[in-house]
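Beneath this line is the structure, given in structure tokens, with notes to follow.
A short reminder: the numbers here are calculations on the coordinates, not readings from a lab. What you are looking at is a predicted structure, and each value in this text was computed from that prediction instead of being measured. Glycine also receives a Cβ, built like all others from the backbone with ideal geometry; neighbour counts cover every protein chain displayed.
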Amino acid sequence: MLRTTLDQSYKIKNDTSILLRLATPSDAAAMIQLAISIFKHSNHTLTAADEFTITEEDEQKIVEEYTEKPGYIYILAEQDGKVIGMLNFSNGKRRKNAHTGELSMGVHPDFHNLGIGTLLLECLIDWAEKNDLIKKISLGVFINNSHAISLYKNLGFMEEGRKRREIKLDDGEFIDLVLMCKFV
């Protein structure tokens, strides 16, 4: 399996370093804590903190699945032994869509704007470019998340469509979901 860009340290914008590595089942508790922090502090996630019900055992099974499939990858960003960012990608389950997949990513609120999201995405892109199976990376992003949209565009993602009024915010406002992709 292609894992050449992982288990490496990278300097981030505050002059500290992070480690990018593959998730393991033993990371499950830390991954759940990170997800809860992200869901509590972001208005740009589909899942709300009170809707997140994955158990540690569930998360361990998910990570195991990601380690077994050649079109799946689960990358963690770690600093001083603490998981502070994560990105997962899974490809299609059928022969006709196995070449494409969707990513999901989050960074702990205390570590925003330090380049961690960029590093996670660059790692994914590098892995995908070396993976003969993967030809397209896709994602959905809230239209009001201009920071994320800018990040994706800077890394070569393009808008390929919108789902109009796909998201209903807690205040009752409807917003579009922007569909973006990058061919590798």
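Numbers below:
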quantity: Loop-located chymotrypsin sites (Phe, Trp or Tyr not before Pro) in region 52-113, at most 15 other Cβ atoms within 10 Å (DSSP); calculated: 52
quantity: Exposure proxy ranking, count of Cβ atoms within 10 Å, fewest first, for 65, 51; calculated: 51, 65
quantity: Two-site label geometry, residue 146 and residue 54: point separation in nm, points 7 Å out along Cα→Cβ; calculated: 3.1 nm
quantity: Straight-distance crosslink candidates among lysines, where the alpha carbon sits under 19 Å from residue 13 and sequence neighbours closer than 8 are dropped; calculated: 82
quantity: DSSP-assigned coil residues among trypsin sites (Lys or Arg not before Pro) in region 6-76, each with at most 12 further Cβ atoms within 10 Å; calculated: 13
quantity: Span from the region 96-125 Cα centroid across to the region 50-94 one, whole angstrom; calculated: 12 Å
quantity: Loop-located trypsin sites (Lys or Arg not before Pro) in region 85-184 whose Cβ has at most 13 other Cβ within 10 Å (DSSP); calculated: 93, 94, 95, 96
quantity: Neighbourhood net charge (13 Å Cβ-Cβ; Lys/Arg +1, Asp/Glu -1) for residue 19; calculated: -1
quantity: Radius 14 Å from Cβ of residue 182, net charge of other residues (Lys, Arg +1; Asp, Glu -1); calculated: -3
quantity: Fewest-first ranking of 46, 133, 120, using other Cβ atoms within 10 Å as the exposure measure; calculated: 46, 133, 120
quantity: Estimated FRET transfer efficiency (residue 173, residue 6; beta-carbon r; R0 45 Å; 0.05); calculated: 0.70
